[in-house]
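Accompanying notes for the structure given below.
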Amino acid sequence: MTGHGLPDDVLLVHGGTPLHGTIRVRGAKNLVSKAMVATLLGDAPSRLYDVPHIRDVEVVRDLLELHGVRVGEGAEPNELVFDPANVESANVDEINVHAGSSRIPILFCGPLLHRLGHAFIPDLGGCHIGPRPIDFHIQALRQFGAVVDKTPQGMHLTAPNGLHGTKLELPYPSVGATEQVLLTAVRADGVTELRNAAVEPEIIDLICVLQKMGAIIKVHTDRVIEIEGVPRLGGYSHRPIPDRIEAASWAAAALATGGDVTVLGARQVDMMTFLNVFRSVGGEFDVLDGQGIRFWHPGGELRAVALETDVHPGFMTDWQQPLVVALTQASGLSIVHETVYEQRLGYTQALNQMGATIQVYRDCLGGTPCRFGRRNFMHSAVIAGPSKLHAAELVIPDLRAGFSHLIAALAAEGASRVYGVSLINRGYEEFEAKLAALGARAERL
Ligand code: EPZ
């Protein structure tokens, strides 16, 4: 911390230079971390390629190692090999070192119950974008037969009578709760039917991983997933889907700065909804088949749009913040209705401080009334543009909002101090090197 109570990891960003060049995205953070947890379920080694060097991966690797999984580097760069031959109970104090650092530990519940008959899960972390309850997870685990004991330190779980397939319906298609059910049901006794499941590409990719391990999982229409439990699973070898959140973040940065960025690894099929909006705003892109996607600002005015975030195949909530920075440069009134998280617009205050005109509302400003409409959450925004952004002192609040602050600083006139930049390492691999490769002028203070 600095003398003023600000984080001491500071980036000085000189704005006003359009980003130009080529960068690469690796395996999706939100698949890689889950595929790593899945290795616990197998009785043979697993191999994961294209693993990004990010903090979330380090946390999960550490937790796996604490539970006896041997993790080593593979022959390829960014390849990890996991050997779960000696899975064992970990020391609670050692696990607790990771309290508050990630959301992933909650997904250890099912695999550890299968392997050891008990589990301890530390207090969770992750981004502060709302209360982020885990009630769906706990309800699901109890339905499988787990006994969950919540203590101030964390959660202790046991399964005195084993875990049994069950019929579940999620109140909302939660990504994490769907993964929880998958990772528990694959080795539970009998069949599990999950209704109102999330079907994000990262979840489908996790299903592919589990299928490689020997699981039987059927994805039906209308968000129904059926899992037939099997008595044993083996290892897997998998190349994950690319990180579509990171890809969209760089695309938004290209648009907001008037630049031209090629994102190697980005895949059209996972980003179709984003690409439609990008085009509506006035951005151009070229799908370089098998290689990536080039995103650029063609010059001239950008257009305002109305959009709602939603579960897949809707517009991802994680694409919202980076794109809003670009929308501050569009002519007219853009409307954003955030329907996935109740508090994901707090970062707009910082943009206003930089000269943007963004007003947030409690009302549902979109075609679909959402869960937050009558619950007093500021979850809609109107963005009036174009606005000239100027430099400011910014403190990074969470991962995606943090990257948006960075984009705003890059688009603004003058030099901004961005405090707490290390948070961005949770989900963006080597972002400072990538900024440099794109010609951004940014230096650590
Ligand atoms: C995953 O979070 C991602 N994180 C998030 O990305 C992403 O924004 C989110 O899915 C939505 O796509 C990871 O994969 C690690 P949810 P998750 O359960 O699984 C409510 C990033 O920056 N809910 O789908 O935690 C919840 O409050 C992160 O990479 C309950 O009410 O999200 C939210 O409103 C940020 N009870 C909604 O469901 C529960 O038990 C969707 O959350 C669980 C969720």
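What follows draws every value from the coordinates through simple rules; no lab data is involved. This is a predicted model, so every value here is computed, not measured. Note that each Cβ is placed from the backbone with ideal geometry, even for glycine, and that neighbours are counted across all protein chains shown.
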Paramagnetic reach from Ala75 (point 7 Å along Cα→Cβ, amide N under 17 Å) across segment 29-46: 45-46
For segment 152-166 versus segment 329-351, the gap between their alpha-carbon centres in whole angstrom: 39 Å
Lys/Arg +1, Asp/Glu -1 at C-beta; the chain dipole; positive extreme among Leu410, Gln180, Gly355: Gly355
Separation of the Leu333 and Gln359 label points, Cα + 7 Å toward Cβ, nm: 0.8 nm
Cross-link reach list, aspartates and glutamates versus Lys34, counting only Cα pairs under 12 Å and skipping chain neighbours closer than eight places: Asp56, Glu179, Glu202, Asp205
Separation in nanometres of the label points that stand 7 Å from Cα toward Cβ, at Leu288 and Glu94: 4.4 nm
Cα-centre dipole for the chain with unit charges at Cβ (Lys and Arg positive, Asp and Glu negative), debye to 20: 640 debye
Given charges at Cβ of Lys, Arg, Asp, Glu: the chain dipole, positive-most of Gly258, Ile138, Gly373: Gly373
Segment 293-391: trypsin sites (Lys or Arg not before Pro) in DSSP loop, at most 10 other beta carbons within 10 Å: Arg375
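Using just the helices of the chain, give the 222 nm mean residue ellipticity in deg cm²/dmol: DSSP H runs with n ≥ 4 each add -39,500 (n - 2.57), and the total is spread over all residues, rounded to 500.
Only helices count here, giving -9000 deg cm²/dmol.
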Segment Ser422-Val395, length gained on full extension (0.36 nm per residue, minus Cα span): 8.6 nm
Cα-based Kirkwood hydrodynamic radius, the chain, one decimal, Å: 22.5 Å
Options Ala85, Pro52, Val25, ranked by Cα towards positive dipole end of segment 1-150, top entry (Cβ charges): Val25
Across Lys29/Lys434; Lys167/Lys212; Lys167/Lys218, pairs whose alpha-carbon gap is larger than 21 Å: Lys167/Lys212
For Thr22, residues with placed amide H under 5 Å, excluding near neighbours: Thr262
Amide hydrogen neighbours beyond the local backbone of Leu233, cut-off 5 Å, H modeled: Asp43
Electrostatic dipole magnitude of segment 29-238 [Cβ: Lys, Arg +1; Asp, Glu -1; Cα centre; debye, to 20]: 400 debye
For segment 385-440, size of Cβ-based charge dipole, Lys and Arg +1, Asp and Glu -1, in debye: 100 debye
